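Worksheet: the structure to be examined is printed underneath.
The values are calculated or read from the model by the stated rules, or taken from the named source; none is laboratory data. In this text the structure is predicted, and so the values were computed from the model without any measurement. We place every Cβ from the backbone using ideal geometry, glycine too, and count neighbours over all the protein chains shown. Just so you know, the surface numbers come from the protein's heavy atoms only, side chains and all, with ligands and any DNA or RNA stripped out. Shrake-Rupley method; radii C 1.70, N 1.55, O 1.52, S 1.80 Å.
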Amino acid sequence: MKSLRELYRIGTGPSSSHTMGPRTAATTFASRHPEAARFEVTLYGSLAATGKGHLTDVAILESLTPTAPAEIIWEPAEFLPFHPNGMEFRSYDHKNNLTDSWTVFSIGGGELAEEGKPRIGGPDVYDLNTLTEILKWCQDTGCQFWEYVERCEGPQIWEHLAKVWQTMRAAVERGIDREGVLPGPLCLPRRAATYHVRASGYKSNLQSRGLVFAYALAVSEENASGGEIVTAPTCGSCGVIPAVLYHLEKSRNFSEARILRALATAGLIGNVVKHNASIAGAEVGCQGEVGVACAMAAAAANQLFGGSPAQIEYAAEMGLEHHLGMTCDPVCGLVQIPCIERNAYAAARALDSNLYSAFTDGSHRVSFDRVVEVMKQTGHDLPSIYKETGEGGLARTWRE
């Protein structure tokens, strides 16, 4: 598995696979061809189907046009075999001769890959790739999950996680203070500020849940408006972990050091899924985005409350298991309906998963790794209309 630096990426929304990944690819291709007279980019499958709603074209053109004019060709009905989020970049000289072409895929969380080649990015830094193996290491050594992260990544990982947490906190605090309407044809009003104010009028138990909703809405609304967020594990699911950790920091006075350790544990959970299955909605549906974010947040919360490695693994397992089969059906191709509400509900479910696990000794029948396998197979079995193409589910109902 690769570093958590490649899971927790700081960038701007609304989509890690449809905005951040294509922006990186376009910037890379432009840097290879500073002499180009023009560019062409063909978007395939899911990238083409919901690219306009996700601002894929804006991200690509902003990256290419400072070098040369660029044209985008949309092919939503054509899916390349390797991954639904395919792109082909082409450069031309002043005589209109093709000088280079590059086919690359945005595979989720802002990461890029080429068919038949190792994933683009840094080297693998983890020697264990399943949670079962890592859990056994914890039991053999008496260490926690976050200590395994530090062992593999080195102490310098804490500097990166501190920046991640700073960005997450800032997104929450910006989001709960902003009002108005989100960009796009849905004219969807921001609700985080209203939820935050109304939560103060309830007694402590309901107030707690209302604040968690407000914090998740805040970050997700920032993402939908192109604000700075952290992929956790994706842009579309970026509100879950910040909501849970911000709430626990505020309500329980957990130190920043403990929050960062919880982030490390959450990142390890996300990394296991990313390595063994997928976090891309275009590949496995929303179970790979919001479902994984819920598992990560549940694990982080359980660790903060003193859970054992077995209890943490159980909390994560429940967070993912109970999102199995969730489709990715963005209305109008925007990361707004149902994405924003799903972040709020998943944040609450993460806290419930933590609580449920805390009442046990961590023993259970279905392992986290088994749920990851099932999620991957379920995602492959889902028809493409339910995997970020905007052709099925709520997206289709809205059109009709």
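A compact table of results
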| quantity | calculated |
| --- | --- |
| Normalised convex hull volume, the stretch 62-166, alpha-carbon set, Å³ per residue | 188 Å³ |
| Full-stretch length increase - Arg151, Glu75 - with 0.36 nm per residue and alpha-carbon distance subtracted | 22.9 nm |
| Lysines with Cα under 29 Å of Lys274, excluding same-chain neighbours fewer than 8 positions away | Lys2, Lys52, Lys117, Lys136, Lys163, Lys376, Lys387 |
| Pair-distance profile P(r), taking every C-alpha pair of the stretch 232-301, with 5 angstrom steps and integer % | 4, 19, 29, 22, 13, 8, 4, 1 |
| Sum of -39500 (n - 2.57) over DSSP H runs of 4+, divided by residues of the chain (222 nm, nearest 500) | -16000 deg cm²/dmol |
| The stretch 11-29 versus the stretch 53-89: alpha-carbon centroid distance in Å | 10 Å |
| Accessible area of the stretch 340-400 divided out per residue, in Å², using a probe of 1.4 angstrom | 58 Å² |
| Segment Leu324-Gln207, length gained on full extension (0.36 nm per residue, minus Cα span) | 39.2 nm |
| Rounded accessible area of Lys136 (nearest 10 Å², 1.4 Å probe) | 110 Å² |
| Volume of the Cα convex hull of the stretch 314-400, divided per residue and given in Å³ | 84 Å³ |
| Selection from Phe105, Asn343, Leu135 lying farthest towards where the dipole of the chain points positive, charges on Cβ | Asn343 |
| Accessible carbon and sulfur surface of the stretch 228-271 relative to its total accessible area, %, 1.4 Å | 34 percent |
| 10 Å-binned pair-distance histogram of the stretch 1-73 (Cα, whole percent) | 20, 47, 28, 5 |
| Cα coordinate range in the stretch 98-253, projected on the principal axes (Å, largest first) | 58, 52, 25 |
| Positive dipole terminus of the stretch 295-398, leading residue within Gln377, Leu394, Ala297 (C-beta point charges) | Leu394 |
| Taking the chain and dividing mean pair separation by its residue count, relative contact order in percent (alpha carbons under 8 Å, at least six apart) | 19 percent |
| Space enclosed by the convex hull of the alpha-carbon atoms of the chain, per residue, Å³ | 134 Å³ |
| Probe 1.4 Å, all protein chains present, accessible-area order of Met375, Met326, largest first | Met326, Met375 |
| Accessible area expressed per residue, the stretch 144-268, with surrounding protein chains retained (probe 1.4 Å, Å²) | 41 Å² |
| Per residue accessible area of the stretch 1-97, 1.4 Å probe, in Å² | 39 Å² |
| Alpha-carbon centroid distance for the pair the stretch 384-400 / the stretch 205-229, whole angstrom | 25 Å |
| Simple Cβ-charge dipole of the chain, Lys/Arg +1 and Asp/Glu -1, about Cα centre, in debye nearest 20 | 1020 debye |
| Percent accessible area from carbon and sulfur atoms, the stretch 52-162, protein chains only, probe 1.4 Å | 52 percent |
| Formal net charge of residues neighbouring Pro383 (Cβ-Cβ distance under 14 Å; K, R +1; D, E -1) | -3 |
| Charge sum, other residues only, whose C-beta stays under 10 Å from Arg174's C-beta, Lys/Arg counted +1 and Asp/Glu -1 | -3 |
| Phe39 accessible area, 1.4 Å probe, all protein chains in place, Å² to nearest 10 | 0 Å² |
| Dipole magnitude of the stretch 95-199, debye to nearest 20 (Cβ charges: Lys/Arg +1, Asp/Glu -1, about Cα centre) | 720 debye |
| Distance in nm between pseudo-label sites at Leu394 and Thr132 (7 Å out along the Cβ direction from Cα) | 3.5 nm |
| Size of charge dipole - the stretch 134-282 - debye, nearest 20, with Cβ of Lys, Arg +1 and Asp, Glu -1, no other charges | 480 debye |
| Net charge, Thr234 excluded, C-beta distance under 13 Å - Lys, Arg +1, Asp, Glu -1 | -2 |
| Accessible area, probe 1.4 Å, largest first, for residues Leu263, Leu55 | Leu55, Leu263 |
| Within the stretch 268-285: backbone nitrogen closer than 18 Å to the Cys143 label point (7 Å, Cα to C-beta) | 268-272 |
